[in-house]
Amino acid sequence: MENAICIRGLCKHYKDFSLENLDLTVPTGTIVGFVGENGAGKTTTLKAIFGAIHTDGGSIEVLGCTDPNRLDKSQIGVVMEDSFFYETLTPRQVNSIMKSLQPGWDSGEFTRLLNTYQLLEKKLIKDMSKGMRMKFRLATALAHKPRLLILDEATSGLDPVVRGEVLDYLRDYIQDENHSVLMSSHITSDLEKVADSIAYLHKGKLLFQMDRDELLEKYGVLRCSPEQLEALDHRIKVATRKTGFTCETLVSDTAAARRALPDAVIDRASIEDIMQFYTGRDAQ
Ligand SMILES: Nc1ncnc2c1ncn2[C@@H]1O[C@H](COP(=O)(O)OP(=O)(O)OP(=O)(O)O)[C@@H](O)[C@H]1O
């Protein structure tokens, strides 16, 4: 199977918000990082993928299935920030319940993950800290060895050490080229480390989905005078902010900008830079 997820023309309308004509692909064996400002529509998109909400148009194919009612949910691991779990249970109790309910549930793997994340088997879920709960949700999503992982801000409450461990786990997880991950995160540096491609959602529209290396190579932050900037091809200028007599401009083609302005300084743009410039452009 070429794509774990293939979305074409997805539309979803709420009273004050619309997802419009969204195309998104998660090739099998890859990690796709899903970024966008608060309220951009990431969670809405993820919920549509695993059939938790009705959509108003477009098609969604997940693991070869286009009907959300027929989707084999045991093949999908989902971690949402607000996902619900019985508060009065302990991980040990969850392990034995899931063993009897969830096909493919691997008790040994669950226990191993609890140990890795330093979670106590006998601690009530309601007594866990925010980060502990997130680690617990991750362990639960991973223990049935799904082919597709959908993570919504799953690493945001974790300390840097555990976040690093989770990222390593995800890298290993896709190594056999049969597993895939779609993960939204505001910690864009994490995505720069693990994602194969980056999909950027802005106000309900997908601005782009690009190979991570190509994205980081193509985009740059140019620093030059207003006169120099004037001479630059407007098609590669995304947005500009003025600081004193200097202009800082996000360019979408660093090589072309270098050819046009060989003396100007052009730094690498991070995903965070790219998002800040695009958001700033709207405010102008
Ligand atoms: N059930 C709902 N009814 C009405 N509006 C909704 C509903 N669910 C989401 N929305 C709206 O859809 C928009 C997108 O929300 P969504 O949660 O998808 O954004 P997000 O990109 O995940 O944001 P964040 O990064 O803050 O989590 C918001 O304006 C939100 O208020």
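Values for this structure:
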quantity	calculated
Burial order of peptide ranges 219-225, 238-244 (average beta-carbon count within 10 Å, highest first)	219-225, 238-244
Residues Leu229, Leu89, Leu19 arranged by fewest to most Cβ contacts within 10 Å	Leu89, Leu229, Leu19
Efficiency of FRET from Cβ geometry, Phe17 and Asp168, R₀ 41 Å, rounded to 0.05	0.70
Antiparallel bridges, percent of DSSP beta bridges restricted to the chain (to nearest 5)	65
Ratio of Rg to Rh over segment 3-212 (Cα coordinates, Kirkwood Rh, two decimals)	0.96
Of Lys12/Lys205; Lys12/Lys203; Lys126/Lys203; Lys42/Lys193, pairs whose Cα-Cα distance is over 23 Å	Lys126/Lys203
Most fluctuating residue given options Ala260, Ala52, Ala231, as computed from a GNM of the chain linking Cα atoms under 10 Å	Ala231
Top of Gly57, Gly33, Gly108 by mean-square fluctuation, Gaussian network on the chain, Cα under 10 Å	Gly108
Peptide ranges 21-31, 63-73 listed from the most packed, as the mean C-beta count within 10 angstrom indicates	21-31, 63-73
Förster radius 35 Å - calculated FRET efficiency between Gln175 and Lys122, Cβ distance, rounded to 0.05	0.55
Charge sum, other residues only, whose C-beta stays under 12 Å from Asp196's C-beta, Lys/Arg counted +1 and Asp/Glu -1	-2
Efficiency of FRET from Cβ geometry, Arg223 and His54, R₀ 41 Å, rounded to 0.05	0.30
Equivalent ellipsoid, segment 103-214 (semi-axes from 5 times Cα gyration tensor eigenvalues, Å)	26, 17, 12
Cα lying deepest toward the dipole's positive end in the chain, options Gly29, Pro226, Ala48, charges on Cβ	Ala48
Taking Glu248, Glu165 and counting other C-beta atoms within 10 Å, the order from fewest to most	Glu165, Glu248
Taking the C-alpha atoms of segment 219-283, convex hull volume expressed per residue in Å³	76
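All of the numbers you see were taken from the coordinates with simple rules; none came from a lab. Please read all numbers here as calculations on a predicted model, not as lab measurements. Note: ideal-geometry Cβ built from the backbone for every residue, glycine included; neighbour counts use all protein chains shown.
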